[in-house]
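Read the structure below first, then the notes.
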Amino acid sequence: MSDAGNASASTGEGGRGDSPVALVHGEPLHELPKDLYIPPDALEVFLETFEGPLDLLLYLIRRQNLDILDIPIAVITEQYIDYIAMMQGMRLELAADYLLMAAMLADIKSRMLLPRPAAADEEETDPRAELVRRLQEYERYKRAAEDLDALPRLERDVLPVQIPVPEGHRRKVPPAVDLGEVLSALREVMQRAELFSHHRVQRETLSLRERMSAVLERLQREGFSLFSELFDLSEGRSGVVVTFLAVLELLRAALIELVQAEAFAPIHVRAAGA
């Protein structure tokens with residue numbers, strides 16, 4: 001039996017050295033399996049069919065590369081006891097773990113060798129099932145630890161970025177256009193329209209739908225226009241009212257937008273999405 005330092009030297013390079021990691025049925029094994037981790041203080045056992053770390057022996061038993069009935073448990077137990085005696089003054093908790101594993105292997109081997117009565121239940125639990133269950137549980141925890149380690153970690157994979165706002169910086173948000181200001185602008189237009197009023201009676205030729213089409217076509221062509229420039233004062237009061245109603249209908253249909261740069265500034269009209 002080699003000590004912990006020899007075990008670490010034989011397994012630390014992952015089988016990349018000249019000497020084999022283990023001997024299985026006389027055949028050298030130079031590379032460890034990808035899903036197997038052997039700790040530095042792992043115990044090495046020497047049997048007729050196997051020479052190498054005990055973790056690798058348990059791995060090969062689980063993968064059915066070795067028959068557990070061909071393994072001399074007594075020899076492994078003796079090597080365990082010697083190893084535990086050496087580890088008592090160094091790492092007692094590791095010796096306790098190895099002692100528990102040795103007892104488990106001895107129990108499995110004894111239950112496999114004992115004769116079973118003829119009337120024994122055919123569905124009796126396999127003695128190796130507990131060992132396989134623990135190995136599978138260890139593999140699950142190992143895979144979960146690897147998945148957690150692969151997650152992005154703050155200040156290792158990603159770094160927080162903070163950009164300070166310059167002093168004196170102020171975001172300028174245009175004020176919302178109030179309906180009262182729109183009506184005030186309409187009042188001014190109505191007052192100027194009074195200057196062009198007349199008493200001639202004629203047939204009404206104004207159409208709200210046609211005026212809506214005319215206003216929308218003008219905004220799509222020009223893109224941007226003052227609110228007051230949409231009105232033709234020569235049409236008088238009725239023309240101003242029809243144009244204003246057309247603007248309201250276009251606003252309600254979300255075909256145009258009212259824009260005001262700041263409070264009490266002139267109101268502009270533009271086509272929606274321009």
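Quick note: the coordinates plus some simple rules give every number you see, no bench work behind them. Because the structure is predicted, anything quoted here is derived from the model rather than measured. So basically every Cβ, Gly included, is an ideal-geometry build from the backbone, and we count neighbours across all protein chains shown.
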Practice task
Can you tell me how much longer the chain between GLU210 and ALA106 gets when fully stretched, taken as 0.36 nm per residue apart minus their C-alpha distance, in nm with one decimal?
Solution key: 27.4 nm
Practice task
Arrange the peptides 146-159, 238-251, 175-188, 209-222 so that the one whose residues have, on average, the most other Cβ atoms within 10 Å appears first.
Solution key: 238-251, 209-222, 175-188, 146-159
Exercise for the section: Would you mind classifying the stretch 179-271 by shape? Square roots of the alpha carbon gyration tensor eigenvalues, ordered a ≥ b ≥ c; an a/c under 1.5 is rounded, otherwise it is prolate if a/b is larger than b/c and oblate if not. Expected result: oblate
